[in-house]
Amino acid sequence: MCFLLHCSHHHPITCIVPPYMLRVLALRGDAKTAEMARTLLKQTEKLRDERDELTRAGLPPAHPISGAYAATAVSPAEGLCCPDRRIHDGQFRAALPGKLVRSEGDGPTGIPDADTAYDAAGQVFSLFAEEYGRNSLDGEGMPLVATVHHRRDYNNAFWNGTQMAYGTGDGKVFRTFLELSVIGHEMAHGVIQHSGGLIYENQSGALNESIADVFGSLALQRALGQEVHQADWLVGRGILGPGINGAALRSMKAPGTAYSDDLLGQDPQPWHMDHFVATSDDNGGVHINSGIPNHAFYLFCAYLGGRAWELPGRVWYRALQTLNNPMASFSDWADQTMDAAIELTSRGSIETVMLRRAWKLVGIAI
Amino acid sequence: MIIEIAAQGGFGGITAASLRKTIDVSDQPERMRQDLCDAFEPDQLARLASRPCTNCADRMTYRITVTEDRGTHSFTLREAQIPPEMLDLIDQM
């Protein structure tokens, strides 16, 4: 901390804190440290002469260190009990959180989006609490704050660091965002943030998206009581507009097939590293390349059969808690899932063999 | 003043789902005209663009181009950098 404060008094070019470290501090630091890191990052990015150095420094460390993050949240939280849901009506404006319409224990409001957000938040809380021993998104029982009716004709849903927000859609491209896999996805971004984080660009950003899809899908499968082969493995089923030719936003079982439409084009998700999309759009294709780790998770589940939220979900959850590398590549993540699988089963178990096979099939050797 | 707004990103990551708007401020009612001129003044946009973006998961990115007498100015703003009142204005446009 003193190090950073010292840096701030000098020209940023003389500061030896590399950009990748600043990004981690911006993600993980307390408010003051994060602000300092963001300021330094901003200054660094303006220096054109430093661009090459920036690129090199963007590489993930070869040997992620273990530390406080690796030790947290792998054991069940104490005093784990009940969610504290707070659903707000944004009244079609952008200010958050809006008007509180339903608190924990209140009866239905009669506002369909608000009641869906309330029920779904309970199901996602239940997945993390009962299956993985996690007390809410931060592991410490934080309130589940959500806003429905966010903005007007808003084609989006998001996690802003402290709460979820859901638009209604414009009725043409999207008809709603209040669907359990979508709500689970957004809440999982909160879990990822409080698990050490994954920087939201390129491969680490695609992992952030993929892990959010995994737990969104698991929340839905668990709520429906579906085993692996009964589930459709779609994310956002039924949220596309009535005139759109598509079943969902993404497919974990068959990435690239969720929609094919004159307006939207073809679902661009790849399922194999050979088709990895290099782009500067969408934070480096975070919503595109997430298809690859999504499919690896699906394959792992399909090989094992049964309930995906049990062992496969526990492996992914444990890997997230022990990752300690916010700039992880797909390969780093695959290794982490293998370590988690070995810890939860044993070295050489059938589960680890199937996991290695799943990653190999999407082009990632571990 | 002519304002062009093109958004991309978001949960879906679908470009075609994104907002695109172009308006000529002089065609707007008086009150709206003043609000737009204040909100989209290039120096104001530059200040917003320099704000830190704290958490951008699934957020939209806005490319805003303002053409006025002094020339054309383009800015890329993350949704989290834009004040709610300005987002409401964008939704009304």
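Please list, or write none, the aspartates and glutamates whose alpha carbon is within less than 15 Å of the alpha carbon of A:Lys99, excluding same-chain residues fewer than 8 places away.
A:Asp89, A:Asp113, A:Asp115
Relative to the Cα centre, what is the charge dipole magnitude of chain B, using +1 at the beta carbon of each Lys and Arg, -1 at the beta carbon of each Asp and Glu, and rounding to the nearest 20 debye? Walk me through the intermediate numbers first.
Numbers: 10 positive and 15 negative charges, 86 e Å.
Value, rounded to 20: 420 debye.
Under 5 Å between amide H atoms, partner at least 5 residues away or on a different chain: which partners does A:Arg93 have, H built in plane at 1.01 Å?
For A:Arg93, whose amide H was placed from the backbone, the distant partners under 5 Å are A:Arg151.
Separation of segment A:245-268 and segment B:28-75 by C-alpha centroid, Å?
Here the answer is 33 Å between Cα centres.
With unit charges on the beta carbons (Lys and Arg positive, Asp and Glu negative) and the dipole taken about the Cα centre of segment A:83-227, which residue among A:His150, A:Ala129, A:Gln221 sits farthest to the positive side?
A:His150
Taking a cut-off of 19 Å, what percent of all Cα-Cα pairs in segment A:85-178 are separated by more than that? Please report the intermediate quantities before stating the final value.
On the way: 1694 of 4371 pairs.
Result for the distance tail: 39 percent.
If you project the alpha carbons of the protein assembly as shown onto their three principal axes, what span does each projection cover, largest first, in Å?
71, 58, 45
Taking the Cα centre of segment A:202-361 as origin, sum charge times position over the Cβ atoms of Lys and Arg (+1) and Asp and Glu (-1), and report the length of that vector in debye to the nearest 20.
Numbers: 11 positive and 16 negative charges, 110 e Å.
The dipole of segment A:202-361 has a size of about 540 debye.
Can you find, among A:Ala308, B:Ala46, A:Asn283, the residue farthest towards the positive end of the dipole of the protein assembly as shown? Put +1 on the C-beta of Lys and Arg, -1 on that of Asp and Glu.
Positive-most Cα among the choices belongs to A:Ala308.
Sticking with the crude label model, points 7 Å out along Cα→Cβ, report the distance from A:Leu224 to A:Phe92 in nm, one decimal please.
According to this spin-label approximation, the distance is 3.2 nm.
With +1 on each Lys and Arg Cβ and -1 on each Asp and Glu Cβ, how big is the dipole of the protein assembly as shown about its Cα centre, in debye rounded to the nearest 20? Walk me through the numbers before you get to the answer.
Numbers: 40 positive and 55 negative charges, 138 e Å.
In total the dipole reaches around 660 debye.
Would you mind telling me which residue in B:Phe75, B:Phe11, B:Phe40 has the biggest mean-square fluctuation in a Gaussian network model of chain B, where springs connect alpha carbons within a distance under 10 angstrom?
Maximum among the listed residues: B:Phe11.
How large is log10 I(q)/I(0) at q = 0.14, 0.22, 0.25 Å⁻¹ when the Debye formula is applied to the Cα atoms of chain B, each weighted equally and without solvent?
-0.49, -1.18, -1.44
What is the list of residues in segment A:169-212 whose amide nitrogen lies under 13 Å from a point 7 angstrom out from the Cα of A:Asp281, following Cα to Cβ?
Counting backbone N atoms under 13 Å from the label point, the list is empty.
Quick one: what are the phi-derived ³J(HN,Hα) couplings along segment A:79-96, Karplus 6.51/-1.76/1.60 with θ = phi - 60°, whole Hz, x for glycine and proline?
My calculation for segment A:79-96 gives x, 6, 9, 9, x, 10, 8, 9, 9, 10, 9, x, 6, 6, 10, 8, 5, 10 Hz in order.
We did not get these values from a lab; they are worked out from the coordinates using the rules stated. Treat the numbers as computed from the prediction; the structure is a model and nothing was measured. Counting neighbours? That spans all protein chains shown, and the Cβs are built from the backbone with ideal geometry, glycine included.
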